[in-house]
Amino acid sequence: GAGVSQSPRYKVAKRGQDVALRCDPISGHVSLFWYQQALGQGPEFLTYFQNEAQLDKSGLPSDRFFAERPEGSVSTLKIQRTQQEDSAVYLCASSRGVTGQGLYEQYFGPGTRLTVT
Amino acid sequence: GDSVTQMEGPVTLSEEAFLTINCTYTATGYPSLFWYVQYPGEGLQLLLKATKADDKGSNKGFEATYRKETTSFHLEKGSVQVSDSAVYFCALSEETSGSRLTFGEGTQLTVNP
């Protein structure tokens, strides 16, 4: 079946612009994660959804970052007033399980590379 | 908090050489451990995992053993191929932290023919 898809794959934004990054998880996957990967670094956790509920947003670096998953499927990560330090690859992952039922494999999308100029 | 430390890279080997990539971790609880691989131009893929002490994860000739006493999960392969060239990430996950993954910084592996 189809894997996790993300769009756009590349985004160039001028400093101060707002951006929206989309994630389409694997159909039926309950859990959805967003990670930020700076150049040459490992991914870092941003936020986690279980269905439409955002259960953990402790990794969001500032209040300029906002994520939603209104119908428990597609998710959007929005960054307001982008700054140069927001330049990174944003990864989305989904898994079929939920916390408390054991650990389930996370399937990653290809990522969106954001460059803020 | 949880953290993962990988050996500094990059690593360059000749084909058929033995590979070891070191990984150690710090965790508050009893985590599950993973190795992910990122091939050029592709997304992260799970390579192998281990969920309890002394478990050995294996896949595609790669192996790693969960060592609780040394808090380590070193990745090994007996004979690397050019197609193994990629970035390798060690990671951990705990249910108490919502199953999110904590990654190491990654190790770039280049295998020359």
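Out of all the residues in region B:94-113, is one or more part of a loop (DSSP other than H, G, I, E, B), out of contact with any Ser or Thr (no Cβ under 9 Å at 6 or more places or on another chain) and farther than 16 Å from B:Gly9 by Cβ? Before you say what the answer is, go through the steps one by one.
The initial filter retains those residues of region B:94-113 that are part of a loop (DSSP other than H, G, I, E, B), namely B:94, B:98-100, B:104-106, B:113.
Imposing the further condition that a residue be out of contact with any Ser or Thr (no Cβ under 9 Å at 6 or more places or on another chain) reduces the set to B:106.
Still in the running and farther than 16 Å from B:Gly9 by Cβ: none.
So far as region B:94-113 goes, no, none of its residues is part of a loop (DSSP other than H, G, I, E, B), out of contact with any Ser or Thr (no Cβ under 9 Å at 6 or more places or on another chain) and farther than 16 Å from B:Gly9 by Cβ.
Answer yes or no: is there a residue in region A:76-95 that is more than 14 Å from chain B (Cβ to nearest Cβ), farther than 24 Å from B:Thr51 by Cβ, part of a strand (DSSP E or B) and of a type outside the set (A, V, I, L, M, F, W, C).
Taking region A:76-95 and keeping what is more than 14 Å from chain B (Cβ to nearest Cβ), we get A:76-87.
Remaining after also requiring farther than 24 Å from B:Thr51 by Cβ: A:76-87.
Next, from what is left, pick out any that are part of a strand (DSSP E or B): A:76-79.
From what is left, the residues that are of a type outside the set (A, V, I, L, M, F, W, C) are A:76, A:78.
There is at least one residue in region A:76-95 that is more than 14 Å from chain B (Cβ to nearest Cβ), farther than 24 Å from B:Thr51 by Cβ, part of a strand (DSSP E or B) and of a type outside the set (A, V, I, L, M, F, W, C).
Could you pull out the residue among A:Gly16, A:Gly40 that is within 11 Å of chain B (Cβ to nearest Cβ) and within 20 Å of A:Val116 (Cα to Cα)?
Only one candidate passes the filter, namely A:Gly40.
When residues of region A:23-61 are filtered for being among the charged types (D, E, K, R) and in a strand (DSSP E or B), how many remain? Even if it seems obvious, please write down each step before you answer.
Going residue by residue through region A:23-61, those that are among the charged types (D, E, K, R) are A:24, A:44, A:52, A:56-57.
Narrowing further to those that are in a strand (DSSP E or B): A:24, A:44, A:56.
Counting residues in region A:23-61 that are among the charged types (D, E, K, R) and in a strand (DSSP E or B) gives 3.
Within region A:3-13, identify whether any single residue is surrounded by 14 or more Cβ atoms within 10 Å (Cβ to Cβ), among the hydrophobic types (A, V, I, L, M, F, W, C) and more than 14 Å from chain B (Cβ to nearest Cβ), and answer yes or no.
yes
Having 1 or more residues that are crowded, with 20+ Cβ neighbours inside 10 Å is the bar; report the strands (runs of 3 or more DSSP E) wholly within region B:1-65 that clear it. Even if it seems obvious, please write down each step before you answer.
Working: elements: B:3-6, B:11-14, B:19-21, B:23-26, B:32-38, B:44-50, B:56-59, B:62-65.
Passing ranges, in order: B:3-6, B:19-21, B:23-26, B:32-38, B:44-50, B:56-59, B:62-65.
What pairs can you find where one residue is in region B:71-100 and farther than 18 Å from B:Ser58 by Cα and at pLDDT 95 or above, the other is of a type in the set (D, E, K, R) and in a loop (DSSP other than H, G, I, E, B), and their Cβ atoms are less than 7 Å apart, with a gap of 6+ or different chains?
Close Cβ pairs (under 7 Å, with a partner that is of a type in the set (D, E, K, R) and in a loop (DSSP other than H, G, I, E, B)) amount to B:Val82/B:Glu15.
So, of the residues in region B:66-113 that are of a type in the set (Lys, Arg) and either more than 19 Å from A:Tyr35 (Cβ to Cβ) or out of contact with any strand residue (DSSP E or B) (no Cβ under 9 Å at 6 or more places or on another chain) (or both), which turns out to be surrounded by the fewest Cβ atoms within 10 Å (Cβ to Cβ)?
Looking only at region B:66-113, we keep the residues that are of a type in the set (Lys, Arg), and these are B:67-68, B:77, B:100.
Those left that are additionally either more than 19 Å from A:Tyr35 (Cβ to Cβ) or out of contact with any strand residue (DSSP E or B) (no Cβ under 9 Å at 6 or more places or on another chain) (or both): B:67-68, B:77.
Numbers: B:Arg67: 16, B:Lys68: 11, B:Lys77: 20.
Looking at residues that are of a type in the set (Lys, Arg) and either more than 19 Å from A:Tyr35 (Cβ to Cβ) or out of contact with any strand residue (DSSP E or B) (no Cβ under 9 Å at 6 or more places or on another chain) (or both), I get B:Lys68.
Can you pull out the residues in region A:49-65 that are more than 12 Å from chain B (Cβ to nearest Cβ) and buried (at least 16 other Cβ atoms within 10 Å of the Cβ)? So that I can check it myself, show each step before the final result.
Taking region A:49-65 and keeping what is more than 12 Å from chain B (Cβ to nearest Cβ), we get A:51-52, A:60-65.
Passing the criteria: A:Leu60, A:Phe65.
Modelled with pLDDT under 95 and among the acidic types (Asp, Glu): which single residue out of A:Glu68, A:Glu105, A:Glu52 fits that description? Let's see the steps before the verdict.
Numbers: A:Glu68 fails: modelled with pLDDT under 95; A:Glu52 fails: modelled with pLDDT under 95.
None of the other options fit; the residue is A:Glu105.
Being hydrophobic (A, V, I, L, M, F, W, C), closer than 18 Å to A:Ile26 by Cβ and buried (at least 20 other Cβ atoms within 10 Å of the Cβ) narrows it down to one residue among A:Leu46, A:Leu114, A:Leu77; which is it?
Numbers: A:Leu46 fails: closer than 18 Å to A:Ile26 by Cβ; A:Leu114 fails: closer than 18 Å to A:Ile26 by Cβ.
Of A:Leu46, A:Leu114, A:Leu77, the one residue that is hydrophobic (A, V, I, L, M, F, W, C), closer than 18 Å to A:Ile26 by Cβ and buried (at least 20 other Cβ atoms within 10 Å of the Cβ) is A:Leu77.
Across region A:96-117, which residue is farthest from the other protein chains (Cβ to nearest Cβ) among those that are part of a loop (DSSP other than H, G, I, E, B) and polar (S, T, N, Q)?
At the first step, the residues of region A:96-117 found to be part of a loop (DSSP other than H, G, I, E, B) are A:96-106, A:109-111, A:117.
Checking which are polar (S, T, N, Q) leaves us with A:99, A:101, A:106, A:117.
Numbers: A:Thr99: 5, A:Gln101: 9, A:Gln106: 6, A:Thr117: 23 Å.
Going through the qualifying residues, I end up with A:Thr117.
The values are calculated or read from the model by the stated rules, or taken from the named source; none is laboratory data. Keep in mind the model is a prediction, meaning the values are calculated, not measured. With ideal geometry, Cβ positions are generated from the backbone for all residues, glycine too; neighbour counts draw on all protein chains shown.
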